[in-house]
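Engineer: One structure, pasted below without further comment.
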């Protein structure tokens, strides 16, 4: 298993923003896009995201490398909507057996596909440009998240590369024991479950030891922690947040003004 | 400061019938350096955890007292630092400087004072990397030095070392020992648990031996304790310096047919082109520094990893009608009947919920009788554990089980990755005898190893991989 | 256990479970949206329960208020960080699902961790997840032919896979001894 969670170290103006600011901005933007079902809003959102991408220091190639699984779910959602969409308005474009594919259904499907992409891009932009340590620091220092949970999770997150290597070792070790799927899907599922189990045993054992080592260095002593690294929430971060709100509002305004806005609830 | 006083101390983990450690009476002066010995299961690590104040009241039952400078150990945690065995599970942060800073943050050290202390601690252990170097880019020995720096930055009066070099190759272990020598002041009390004694004895003033059933058997200067108790300790599995190992065993007959040949096998970034062949009835040791690709080579010969270049050819003796195909393309069941791989970490290979079921996996896949299961339980002294969950076994038991599972499907060729790593003396002796027997029965044995004693005791031939 | 304060080992192991499942989700997502696309929704939801496993498993292992919520949230965030195909919406959906399971354990005052409670927690988490999907992803689809079967099948799958599976998984983990520092591990007969 190779994980593509490679950090882009960038001094681009938006990549440098406080991680909490980036999280909040992405969430505001995502909720805005989620609020409506029309294709225009997410299309505008995607356009805005693609324009902003260089300001995060993320190249379009990087985006493709990290974002390709998205295309799978786009396909899934489009297929599902074509099969089960209630809206059968508009002219028939083609028919698959008893299923009449109309322009109405296609519009809905297109809207959903665009939403999916519009919602995924902010996640890629935030996580590709945010160091996990900085995120934990900022959550504690700027968002008052409990330090024990933030730092404890960060420590667990550090085990990810180890888990990736472990997964490979477990797969090979199973083959060495004579256990393989040989193209049988039931055997494949059992093999997957068995490997996950072994991975969990190792992960819990490591987590327990790690927790002991952390306590040995005073993690649960109850003394108020100091912060070795300072995270600041500057005026630029506020401006960035305001910018995200304004951008979201602008996109929604356009979609309302053009009459395409279709609220998801109600 | 840093004086230790134990009186009738004992601890039983919740859910266990037996006491992990019991009846320990021990006084240690400030600045003393003590090596704690005892057979596997004598509770050495539990005792260190107790001294470090890490045994929570809700996780077991305590008896007697344990004090540091007159304070109960649970209230003296700020005076104590502990370094554990596995670097991967004691480094908390992902960058070198941040990891040393972690403990200081927990103690509430202000930022202005914190970074100079980080620098001093790194300096003391001899780590010269930039502060933002990712910890995963360090070697095992360097990671363990970093763990030591993280503890020393807190300026403990009592330093506990729980097998700090057990997970390291010889080069890494020597890095850590030199850091300990240089960085630990004579005022700091040190209590250390370690299996390989020869190298650490010069560092300590006193040896304390715990008995398996409880209590302290012996205590005194190393020379006296080893002189009086050396043979008994060795029989308990402890690597006592100067205690002779069984005489080396070479093959009793000339090697037979070639079983497998590696022809210029290589993998980008991991292994340079390598030639090698293994014959029936011979034991081959593959040596070389860390990172040279020994384990990669073992995986390729084991049919588990496809070579990036070159090829692995199994002879007709080994592959029968499958000789045209390379081992990595064989069906898994066929593979286990021909080549048995034993991984460095035995737990990676466990797939069943009891020891007995674990041994039955191979024969069952091959449709062979299960009589071999009882034979192996007996031969590897696992019969009393037949119903135990494999994950609950001790290190030595797990190693014996992993070898037994490979033998269960009767392969002609055995490929072992660091089979003696971290084993106590008793398991080591048994394992070497078993491998020698297998070789003399006509198996080909290939072992990737850092262990010079294993090479000395078993290998008919050695291959040194160069970087 | 009456003590509801999270120990370090509770936090780290819950987070490790979350992280491990984040990694598993990454692999599972490729399967769920790849080859499994051959099974059209809503029938594909029979596999849905896997997404809710961490919520039930976290609660059964840690047995403290917030464990289901925390574990499922970490799993969701980690899978977002790796680039899941559902993107940022999981940042909302993960915690909501976790809350669904959390609600059930809270209903039993964080005292009962037996199979029926685990199954119920899995089912409720699945119901929340399915409602979110239907409202946000498939609002244009017909309730009769899509929405209702989607909810029912997801809840059933979650009851079995997340609830029953989580319970079995916890029991298997207890037998390996790695949960000895947790209340679940103490239920093993003393050895």
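Just so it is clear, none of the values below were taken in a lab; they were calculated from the coordinates. From a predicted model like this one, the values you see are computed outputs, not experimental measurements. Neighbour counts are summed over all protein chains in view; Cβ atoms, including those assigned to glycine, are modelled from backbone coordinates with ideal geometry.
Engineer: Which of the three applies to segment B:176-268, rounded, prolate or oblate, going by the alpha-carbon gyration tensor with a ≥ b ≥ c and a/c under 1.5 meaning rounded?
Structural biologist: It comes out oblate by the Cα gyration axes.
Engineer: Evaluate peptide B:94-103: per residue, the Cβ atoms of other protein chains within 10 Å of its Cβ; return the mean as an integer.
Structural biologist: Going residue by residue through B:94-103 and averaging, the value is 4.
Engineer: Taking the Cα atoms of segment B:276-432, what is the range of coordinates along each of the three principal axes, in descending order and whole Å?
Structural biologist: Computed over the Cα atoms, the extents are 45, 39, 26 Å.
Engineer: If I model a spin label at residue B:386 and residue B:62 as a point 7 Å from the Cα along the Cα→Cβ vector, what separation in nanometres do I get?
Structural biologist: Each label point is offset 7 Å from its Cα along the Cβ direction, giving 4.2 nm.
Engineer: Could you list A:239, B:267 in order of exposure, starting from the residue whose Cβ has the fewest other Cβ atoms within 10 Å?
Structural biologist: A:239, B:267
Engineer: Determine the shielding of peptide C:20-28 by partner chains: average, over its residues, the number of Cβ atoms on other chains within 10 angstrom of each Cβ.
Structural biologist: Shielding by partners across C:20-28 averages 6.
Engineer: How many angstrom lie between the Cα centre of segment B:392-425 and the Cα centre of segment B:83-113?
Structural biologist: If we compute the Cα centre of each part, the gap is 36 Å.
Engineer: What Kirkwood radius, in Å to one decimal, follows from the Cα pairs of chain B?
Structural biologist: Averaging 1/r across every pair of different Cα atoms and inverting gives 24.1 Å.
Engineer: Could I ask something else about it? Contact order normalised by length for chain B, with contacts defined as Cα pairs under 8 Å and 6 or more residues apart; what percent is it?
Structural biologist: Reported relative contact order: 15 percent.
Engineer: Now for a separate question. Once all Cα-Cα distances of chain A are split into 5 Å bins that start at 0, what whole-number percent is in each one?
Structural biologist: 1, 5, 9, 11, 12, 12, 13, 12, 10, 8, 4, 2, 1, 0, 0
Engineer: Also, quick follow-up: Just from the alpha-carbon atoms, what are the Rg and Dmax of segment A:137-216 in angstroms?
Structural biologist: In Å, with Rg to one decimal and Dmax whole: 17.3, 53.
Engineer: How would you classify segment A:160-265 from its alpha-carbon gyration tensor, with a ≥ b ≥ c the square roots of the eigenvalues: rounded for a/c under 1.5, else prolate if a/b is greater than b/c, otherwise oblate?
Structural biologist: Verdict is oblate for segment A:160-265.
Engineer: Distance in nm between label sites at residue B:187 and residue B:441, each 7 Å beyond Cα in the beta-carbon direction?
Structural biologist: Output for this residue pair reads 6.1 nm.
Engineer: Okay, next question. Take the Cα atoms of segment A:40-190, build their convex hull, and give its volume per residue in Å³.
Structural biologist: For segment A:40-190, the hull spanned by Cα atoms encloses 214 Å³ per residue.
Engineer: Below 8 Å between Cα atoms, with a sequence gap of 6+, how large is the relative contact order for segment B:4-235 in percent?
Structural biologist: Result for segment B:4-235 is 27 percent.
Engineer: Relative to the longest principal axis of chain B, what angle (0 to 90°, nearest 10) does the C-alpha long axis of helix B:140-152 take?
Structural biologist: That works out to roughly 10 degrees.
Engineer: For segment B:141-158 and segment A:103-148, what is the separation of their Cα centres, given in Å?
Structural biologist: Going from one Cα centre to the other spans 38 Å.
Engineer: Let me ask something else. Do you know the relative contact order of segment C:114-191, to the nearest whole percent, from alpha carbon pairs under 8 angstrom that are 6+ apart?
Structural biologist: It rounds to 38 percent for segment C:114-191.
Engineer: Taking only Cα atoms, what is the 0 to 90° angle, nearest 10, from helix C:8-33's long axis to the longest principal axis of chain C?
Structural biologist: Long axis of C:8-33 versus the principal axis of chain C: about 30 degrees.
Engineer: Let me see the pair-distance distribution of segment B:40-161: every alpha carbon pair, 5 Å bin width, integer percents in order.
Structural biologist: Binned Cα distances yield the sequence 2, 11, 20, 21, 17, 14, 9, 5, 1, 0.
Engineer: What is the mean number of Cβ atoms from other protein chains located within 10 Å of the Cβ atom of each residue in peptide B:57-63, rounded to a whole number?
Structural biologist: Counting other chains' Cβ atoms within 10 Å and averaging over B:57-63 gives 2.
Engineer: Next question, about the same structure. Given the convex hull over the Cα atoms of segment B:4-235, what projected area results after averaging over all orientations, in nm²?
Structural biologist: Over all viewing directions, segment B:4-235 projects a mean Cα-hull area of 12.6 nm².
Engineer: Same structure again: What is the angle, in °, between the Cα long axis of helix B:395-408 and the longest principal axis of the Cα atoms in chain B? Nearest 10 is fine, range 0 to 90.
Structural biologist: 10
Engineer: Please give the contour-minus-distance gain from residue A:236 to residue A:51: 0.36 nm per residue of separation, less the Cα-Cα distance, rounded to one decimal in nm.
Structural biologist: Length gained, residue A:236 through residue A:51: 64.7 nm.
Engineer: Order by neighbour count: C:6, C:143, fewest other Cβ atoms within 10 Å first, most last.
Structural biologist: C:143, C:6
Engineer: If you don't mind, another one. Using alpha-carbon positions, what is the distance between the centroids of segment A:192-235 and segment B:256-294, in Å?
Structural biologist: 39
Engineer: Can you tell me how segment C:8-186 classifies by the Cα gyration tensor, rounded, prolate or oblate, using a/c under 1.5 as the rounded cut?
Structural biologist: Note, shape of segment C:8-186 comes out prolate.
Engineer: Please report Rg (one decimal) and Dmax (integer) in Å for the Cα set of the protein assembly as shown.
Structural biologist: 29.6, 98
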